[in-house]
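Note sheet for the following structure.
The values are calculated or read from the model by the stated rules, or taken from the named source; none is laboratory data. Keep in mind it's a predicted model, so treat the numbers as computed, not measured. Every residue, glycine as well, gets a Cβ built from its backbone with ideal geometry; the counts of neighbours run over all protein chains shown.
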Amino acid sequence: MEGDALGAAYASADLFLFCSQTDTYGQVLLEAQASGLPVVAVAAGGPAELVAHGRSGLLCTPDPALLGLTLAGLAGSPSARRRLTGGGLRAAQERTWEAALGRLAEGWRLALGAQPVEEATRRPQAGSTAAAA
């Protein structure tokens, strides 16, 4: 699915279950979180890195019975769904392309021996008005 059909699918859901044990990233988890869905995922691969258990979603072992119990418990708890929805939205907002590219650029700066951007912007540069004062 893509485009409007994908958006409609997320909008019509109440929860999002991701059972892959081999997915290396789990883009659909971020899409579900950004759409305001609480997520349940298998604690393996990319989802284990993307989901903070209890804060931005729930992680489970790949046991069908446990996944079913987790989904049922979440379906029956409006307060847990609200909490995980809020955490998921915050997590998705932290994983924008701009944020990812900023972290990548900062890593390259450090690898090349430059000072971190935060330090560079805090310290007055030689010849600047603040440094000359």
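I'm checking my understanding of the structure. Among residues of the stretch 21-76 that are in contact (Cβ under 8 Å) with a residue 24 or more places away in the chain and polar (S, T, N, Q), which one is surrounded by the fewest Cβ atoms within 10 Å (Cβ to Cβ)?
If we take residues in the stretch 21-76 being in contact (Cβ under 8 Å) with a residue 24 or more places away in the chain and polar (S, T, N, Q), then Q21 is surrounded by the fewest Cβ atoms within 10 Å (Cβ to Cβ).
Among residues belonging to the stretch 88-111 that are basic (K, R) and assigned to a helix (DSSP H, G or I), point out the one that is farthest from L17 (Cα to Cα).
R109
Looking at the stretch 72-113, which of its residues are at pLDDT 95 or above and among the polar types (S, T, N, Q)?
Across the stretch 72-113, the qualifying residues are S77, S79, T85.
Of the residues R55, R90, R82, R103, which is over 21 Å from A13 (Cα atoms) and of a type in the set (K, R)?
Of the residues listed, the single one that is over 21 Å from A13 (Cα atoms) and of a type in the set (K, R) is R103.
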